[in-house]
1. Count charges around residue 190 for me, please; just the other residues with Cβ under 11 Å from its Cβ, Lys/Arg as +1, Asp/Glu as -1.
2. Among 93, 16, 102, which one shows the highest mean-square fluctuation when the chain is modelled as a Gaussian network with alpha-carbon springs under 10 Å?
3. Within the range 48-70, whose backbone N sits under 11 Å from a point 7 Å along Cα→Cβ of residue 20?
4. Between residue 71 and residue 181, with labels modelled 7 Å along Cα→Cβ, what's the label distance in nm to one decimal, could you check?
5. Would you kindly calculate the translational diffusion coefficient of the range 6-84, applying Stokes-Einstein with the Kirkwood radius from alpha carbon pairs, for 25 °C and a viscosity of 0.890 mPa s, and quote it in µm² s⁻¹ without decimals?
6. Of 109, 46, 127, which is farthest towards the positive pole of the chain's charge dipole, taken about the Cα centre with +1 and -1 on the beta-carbons of Lys, Arg and Asp, Glu respectively?
7. For the range 1-153, what number results from the quotient of the Cα radius of gyration and 2.2 N^0.38 Å?
8. Would you please classify the overall shape of the range 119-180 from the alpha carbon gyration tensor, given that a ≥ b ≥ c denote the square roots of the eigenvalues, rounded means a/c under 1.5, and beyond that prolate means a/b larger than b/c while oblate covers the rest?
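Throughout, read-outs are computed from the coordinates displayed, never taken from laboratory work. All values derive from a computational prediction rather than experimental measurement. Quick reminder, even Gly has a Cβ in these numbers, built from the backbone with ideal geometry, and neighbours come from all protein chains shown.
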Amino acid sequence: MCRIVLMYFSDTGIVLLRQHTRESDRMAAVFTRAHGRINVRFPGAAKPQGRLKAMSEPLALCDYRLYQRSHSAVASAAGGKIENVFPSLRADLDRTLLALSLCEILFRLTPLSQPSEGKFELLRGALLALDGGCPVEAMRAAFILRLMRLAGYGLDSPVLGIEPQFWLRLHEQPFAGLSVKGDGERDDAARAAHVADRFVLSQLGRPLNHMTEFAKI
């Protein structure tokens, strides 16, 4: 007889994306501080008054109480506390789309159950900066370049003629101060975006959904 064991744990996480499952539940991909990317079922969250509804929305940063059955690849949410839903970010469509694209990048380029506090803090810092009104022109390229470094694919030296100082800023400067000044830096930002897109294509073999949409603009 197979004995089912429940493991209870708590973790802080950010919802990358979610979908409905069954009639009243939601399934979400959550990137957590201590457990990496995990799949989480939110019972009853699809109901209009579901108590876990807000905690299952994309871009929600929450402290989750979770449990998981032995040999199951899916955890279930039992409750928790919302830490931040980034209201200023959500009030701006362009910033919301950029934030969702960063979540898709992390979802597609990270394996399940591989802890990385650095990747969690990268996304958390980017969302906080977007919520605070930071410059956005170089945000996406800088995010991917920093993710490349965390994943072991970082480039030590500038490429495509990008100025070394700007290259350093893309990797090190807080997102809140990562502005693009003048035509020279604007050209460097475009080159950096090309490097970032090439990396994504090399890893996945096809563009991300948001890359396909941006190409139509």
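1. Numbers: positive: 186, 191; negative: 137, 183, 185, 187, 188, 197.
Spelling it out: positives minus negatives among the neighbours equals -4.
2. 93
3. Zone members listed by number: 48.
4. Distance between the two pseudo-spin positions: 6.2 nm.
5. Values: Rh = 12.1 Å.
D, rounded to a whole number, is 203 µm²/s.
6. The residue sitting most towards the positive pole is 46.
7. Relative to the rule-of-thumb radius for its length, the range 1-153 sits at 1.06.
8. oblate
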